DNA sequence: AGCTGGATTTGCT
DNA sequence: GCAAATCCAGCTC
């Protein structure tokens, strides 16, 4: 359960900061997804920063498109994209309006409504896997393009909202290179894009990017 | 525990 | 056309 005092919404100013400041500060925060069947709450344990138009790994790198328009809007809103013909992934827009930075929500612990999450994540072998990975997280919460652009800083429980939770102390935050992103190639990565909670069992395993082989 | 191929839409070259 | 901010089943070690 989430303590009532930890249920206050994060203010929009929280997201109106440099993305590398916001990303580690998101760990331990709680996303509340309201569905027709009831609420699902998720405590964030792993996130990944995308630094606007200067970042070759970002969807915003080549400018605005139909897909990524929300990234160029105000902070605190949700950017949802569809990929690999099958999956949705979810970001929170950061920085001032127009900068197009965002934080990809990579993994978390379901702290409320696990029974609802299990209905959508039938292949999960245990509850730690319900939201272990960005597409699994979106699936567990029932998030798709319909939520693209939703305001996560709303005062009351709307379709999706992020609340204070219990921030993770700095000495329990770990960081490292991105996983699964083209151009991030294994070593020489100067920026600590990815942040996670030390020793948390819901954090997704590191995978280096693997270029796909051509079809026959 | 670790690797491989397949699923399948969207955006960019 | 091809690669993608991925996941899963099925296989081998």
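The values are calculated or read from the model by the stated rules, or taken from the named source; none is laboratory data. All values reported here derive from a predicted model rather than from experimental measurement. Heads up, the Cβs are rebuilt from the backbone with ideal geometry, glycines too, and the neighbour counts pull from every protein chain shown.
Every condition in (1) near DNA strand C (Cβ under 7 Å from one of its atoms); (2) surrounded by 15 or more Cβ atoms within 10 Å (Cβ to Cβ) is met by residue A:84 except one, and the failing one is (2). When residue A:11 is tested against (1) free of Cβ contacts under 8 Å to residues at least 12 places away in the same chain; (2) within 20 Å of residue A:167 (Cα to Cα), only condition (1) is not met.
For the stretch A:48-67, the criterion of being closer than 21 Å to residue A:145 by Cβ and more than 15 Å from DNA strand B (Cβ to nearest atom) is met by at least one residue. Would you confirm, using the coordinates I've provided, whether residue A:22 is outside any strand (DSSP E or B), within 16 Å of DNA strand C (Cβ to nearest atom) and either within 26 Å of residue A:129 (Cα to Cα) or modelled with pLDDT of 95 or more (or both)? Judged against the criteria, residue A:22 is a match.
Matching residues to (1) at pLDDT below 95; (2) near DNA strand C (Cβ under 9 Å from one of its atoms); (3) under 19 Å from residue A:40 (Cβ atoms):
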site: A:137; (1), (2), (3): no, yes, yes
site: A:140; (1), (2), (3): no, no, yes
site: A:165; (1), (2), (3): no, no, yes
site: A:170; (1), (2), (3): no, no, no
site: A:188; (1), (2), (3): yes, no, no
site: A:191; (1), (2), (3): yes, no, no
site: A:207; (1), (2), (3): yes, yes, no
site: A:213; (1), (2), (3): yes, yes, no
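For residues in the stretch A:74-83 being assigned to a strand (DSSP E or B) and more than 9 Å from DNA strand B (Cβ to nearest atom), which is nearest to residue A:44 (Cα to Cα)? Ranking the qualifying residues of the stretch A:74-83, first place goes to A:78. Put simply, of A:90, A:71, A:86 the only residue that is within 13 Å of DNA strand B (Cβ to nearest atom) and touching a strand residue (DSSP E or B) at 6+ places or on another chain (Cβ under 9 Å) is A:71. Within the stretch A:14-44, the only residue that satisfies the criterion of being within 21 Å of residue A:173 (Cβ to Cβ) and free of Cβ contacts under 8 Å to residues at least 24 places away in the same chain is A:21.
Restricting A:64, A:33 to residues that are surrounded by fewer than 20 Cβ atoms within 10 Å (Cβ to Cβ) and either in a strand (DSSP E or B) or in contact with a helix residue (DSSP H, G or I) (Cβ under 6 Å, 6 or more places away or on another chain) (or both) narrows the list to A:64.
Would the stretch A:110-122 turn up any residue that is in a loop (DSSP other than H, G, I, E, B), without any contact (Cβ under 8 Å) to a residue 60 or more places away in the chain and more than 23 Å from residue A:168 (Cα to Cα)? Within the stretch A:110-122, one or more residues are in a loop (DSSP other than H, G, I, E, B), without any contact (Cβ under 8 Å) to a residue 60 or more places away in the chain and more than 23 Å from residue A:168 (Cα to Cα). Of all residues assigned to the stretch A:98-109, at least one qualifies as being in contact (Cβ under 8 Å) with a residue 60 or more places away in the chain, within 16 Å of DNA strand B (Cβ to nearest atom) and not in a helix (DSSP H, G or I). Here residue A:179 meets each of (1) within 16 Å of DNA strand B (Cβ to nearest atom); (2) over 17 Å from residue A:57 (Cα atoms) with one exception, condition (2).
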